[in-house]
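A short write-up of the structure that comes next.
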Amino acid sequence: MMNLSLPFIFKQPATTADLTQVYAIIPFLNVLFTYGMETAYFRFSQTEDRKHLYNTLSLSIFITTVLFTLCLYFFRTDISDVAGLDKHPQYISWMCWIIFFDTLATLPFAKLRQEGRPRKYAFVRVAGIVVNILVVVFFLAFVPSYLKTHPNSFFLLIYNKYDPISYYLVGNLCGSIFTFLLLWKEFKDLRFRFDAGLWKKVMNYSYPLIIVGLGGMINDMLSRLVYRHVVDVSPEQADKELGIFGNLYRLAVIVTVMIQAFRMAAEPFFFNRSKEENAAKTYARVMKFFVIACCFMFLFIGLYRDVLQWVITINSKEWGEGIYIVPILAMGNIFLGIYYNLSIWYKLTDKNMYGAIITIGGAAITVILNIILIPQWHYLGAAIATFACYFLMMLVSYSLGQKFYPVPYPRKKLIAYLLIVIFLYLLHRGLLKIWDNQWFNVISATALLTLFALFISKVEKKEFQKLPLIGRFYKPPLESTIDLSPVSDKKT
């Protein structure tokens, strides 16, 4: 499931509060619906017959998905009341079906990743996103304009002008259904054969991952779930602040996309390389490139913060409130990405319970800090809670990982890179205090970004030379092939 909503097109941030709430609930349900089967598939595909494993896990997920979805749908009214969505109970119905189709697509996507079929994987993912976008654009851009000139059109029967934001969920559902249909070949190959012994073995491995997933969702989503309940303002102001905070969080989406892309490729890669002699060195190298990529993304978000603010405030200046928290959220998400990279140690050594303990600890920190900080500092309090949680989880995971599965990460170099980009961001904000000029803002941001790129290019020159595409730009010029030896006097 991918949330592609861009609520900045709405002038009133409070109108997006319920949508933010729904997209904070969905990840929790995704964890429960998939219960670690994706990671378990990668783990046991190294030792078990893959077709047999795929059939067993797919049948398990199909049965539980149907049961869980029916339960959700039956109690949808109660859920909407508890979640504070009593004004929009239909959101829960849309949510049920989104989760249903997304869950059924989990193992087929894992199968494509395990088999090394990136083209189909990317095509199906992108196709689902495109359908999502087209449906949203159709209902929020085309239909309203068309109805102004054709008031008696058929579209009047299917368009709800009083709740236009619900079409983000409709678009999400259409994208999920289309994705499910494109994976039909992977479903067609299924055989309804269930191995109870294998299933028990898999569940013993995967059940701690449910705790890991739920704890991770608490760390990621809790601030949005509890914001309206702990902030000390009027309900109307709370809705406004939640809408703004939820959508400011999306501005860190560049780092989040990087993390998601990494996770999609990393798990099968790490498991497949686990038996190699130099696996640990490979993992360390992957970490370095990941951190470098994240540093560039942090600088892009931080240095061009004012440009992003200008874009999101075209319709309403209110969207720009709290923009200063975006770099904090972005750096927090970098720590989360590093944690995901580090977490391979407990997945490879079958010590998933350690991951569960780390995540529970992070969740406890998140709960405490959100309750304490949000009433006092509002957006900033929620951002600090996210930053602190992921930072501490990263440190603990690194310490334990080096004990159970040592990897020679270039620790000093990576810390230096992170500190440098933070310094460059703060330097840029300091320069703007001296001269707050629009052109100077953009030019100085570009200069600092270029400076960091040149620095990385020089420090990591040897590494870049080994890369298949970038490496050719670092090769020394070819030696001259012209023969400069004296010309022979011998006549031909």
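The values are calculated or read from the model by the stated rules, or taken from the named source; none is laboratory data. Keep in mind that this is a model prediction, so the values were computed, not measured. Cβ: placed from backbone, ideal geometry, glycine included. Neighbour counts: every protein chain shown. Side chains included, ligands, DNA and RNA excluded: accessible areas come from the protein's heavy atoms. Shrake-Rupley method; radii C 1.70, N 1.55, O 1.52, S 1.80 Å.
Just give me the residues in segment 67-106 being part of a loop (DSSP other than H, G, I, E, B) and either farther than 26 Å from residue 161 by Cβ or not small (Gly, Ala, Ser) (or both), in sequence order.
Passing the criteria: 75, 85, 86, 87, 88, 89, 105.
Please verify whether residue 48 is of a type in the set (Asp, Glu) and under 22 Å from the mean Cα position of the chain (by Cα), treating the condition exactly as stated. Full working, then the answer.
Numbers: of a type in the set (Asp, Glu): yes; under 22 Å from the mean Cα position of the chain (by Cα): no.
Criteria not met by residue 48.
Could you tell me whether residue 80 is in contact with a Pro (Cβ under 9 Å, 6 or more places away or on another chain), without any contact (Cβ under 8 Å) to a residue 60 or more places away in the chain and crowded, with 16+ Cβ neighbours inside 10 Å?
Numbers: in contact with a Pro (Cβ under 9 Å, 6 or more places away or on another chain): yes; without any contact (Cβ under 8 Å) to a residue 60 or more places away in the chain: yes; crowded, with 16+ Cβ neighbours inside 10 Å: yes.
Here the answer is yes, as residue 80 does meet what is asked.
Suppose the filter is buried (at least 17 other Cβ atoms within 10 Å of the Cβ) and modelled with pLDDT of 90 or more; does residue 30 pass it?
On the way: buried (at least 17 other Cβ atoms within 10 Å of the Cβ): yes; modelled with pLDDT of 90 or more: no.
The answer is no for residue 30.
Can you name the residue in segment 107-127 that is open to solvent by less than 20 Å² (accessible area, probe 1.4 Å) and either closer than 23 Å to residue 39 by Cα or of a type in the set (Phe, Trp, Tyr) (or both) and, of all such residues, is modelled with the lowest pLDDT? Give the derivation first.
Here is the first cut: in segment 107-127, the ones open to solvent by less than 20 Å² (accessible area, probe 1.4 Å) are 107-110, 112, 114, 124, 127.
Applying the additional criterion that residues be either closer than 23 Å to residue 39 by Cα or of a type in the set (Phe, Trp, Tyr) (or both) yields 107-110, 112, 114, 124.
Details: 107: 91, 108: 91, 109: 90, 110: 88, 112: 88, 114: 83, 124: 91.
For segment 107-127, the residue satisfying everything is 114.
Against the condition open to solvent by 10 Å² or more (accessible area, probe 1.4 Å), in contact with a Cys (Cβ under 7 Å, 6 or more places away or on another chain) and not basic (Lys, Arg), how does residue 365 come out, does it pass?
Numbers: open to solvent by 10 Å² or more (accessible area, probe 1.4 Å): yes; in contact with a Cys (Cβ under 7 Å, 6 or more places away or on another chain): yes; not basic (Lys, Arg): yes.
Yes; evaluated as a whole, the condition is true for this residue.
Hey, among the residues in segment 83-106 that are open to solvent by 30 Å² or more (accessible area, probe 1.4 Å) and of a type in the set (A, V, I, L, M, F, W, C), which one's farthest from residue 38 (Cα to Cα)?
94
If residue 150 passes every condition in (1) open to solvent by less than 70 Å² (accessible area, probe 1.4 Å); (2) more than 25 Å from residue 96 (Cβ to Cβ) but one, which one does it miss?
Condition (1) is where residue 150 drops out.
Here are the criteria: (1) modelled with pLDDT of 80 or more; (2) surrounded by fewer than 15 Cβ atoms within 10 Å (Cβ to Cβ); (3) under 27 Å from residue 243 (Cβ atoms). Tell me which single one residue 158 does not satisfy.
With (1) modelled with pLDDT of 80 or more; (2) surrounded by fewer than 15 Cβ atoms within 10 Å (Cβ to Cβ); (3) under 27 Å from residue 243 (Cβ atoms) applied to residue 158, the lone miss is (1).
State whether one or more residues within segment 332-352 are surrounded by fewer than 18 Cβ atoms within 10 Å (Cβ to Cβ), on the phi < 0 side of the Ramachandran plot and within 21 Å of the chain's Cα centre (by Cα).
No, every residue in segment 332-352 fails to be surrounded by fewer than 18 Cβ atoms within 10 Å (Cβ to Cβ), on the phi < 0 side of the Ramachandran plot and within 21 Å of the chain's Cα centre (by Cα).
Between 280, 266, 238, 293, which is at pLDDT below 75 and either part of a helix (DSSP H, G or I) or not aliphatic (A, V, I, L, M) (or both)? It would help to see each step written out before you state the result.
On the way: 280 fails: at pLDDT below 75; 238 fails: at pLDDT below 75; 293 fails: at pLDDT below 75.
The match here is 266.
Cβ-Cβ distance below 6 Å, separation of 6 or more or different chains: which pairs start in segment 430-451 with a residue that is part of a helix (DSSP H, G or I) and end on one that is at pLDDT below 95 and of a type in the set (Phe, Trp, Tyr)?
Once the first residue is part of a helix (DSSP H, G or I) and sits in segment 430-451, its partners that are at pLDDT below 95 and of a type in the set (Phe, Trp, Tyr) give 445/304.
Checking the condition under 22 Å from residue 227 (Cβ atoms) and β-branched (Val, Ile, Thr), which residue from 126, 66, 31 passes? Outline the logic, then answer.
Values: 126 fails: under 22 Å from residue 227 (Cβ atoms); 66 fails: under 22 Å from residue 227 (Cβ atoms).
None of the other options fit; the residue is 31.
With a cut-off of at least 3 residues that are closer than 30 Å to residue 124 by Cα and touching a residue at least 40 places away in the same chain (Cβ under 8 Å), name the helices (runs of 4 or more DSSP H) lying wholly within segment 141-202. Talk me through it step by step, then tell me what you get.
Numbers: elements: 143-149, 167-182, 184-188.
The qualifying helices (runs of 4 or more DSSP H) are 167-182.
Results for (1) of a type in the set (S, T, N, Q); (2) more than 18 Å from residue 338 (Cα to Cα); (3) part of a helix (DSSP H, G or I), shown as yes or no for each residue.
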site: 372; (1), (2), (3): no, yes, yes
site: 375; (1), (2), (3): no, yes, yes
site: 387; (1), (2), (3): no, no, yes
site: 402; (1), (2), (3): yes, no, yes
site: 409; (1), (2), (3): no, no, no
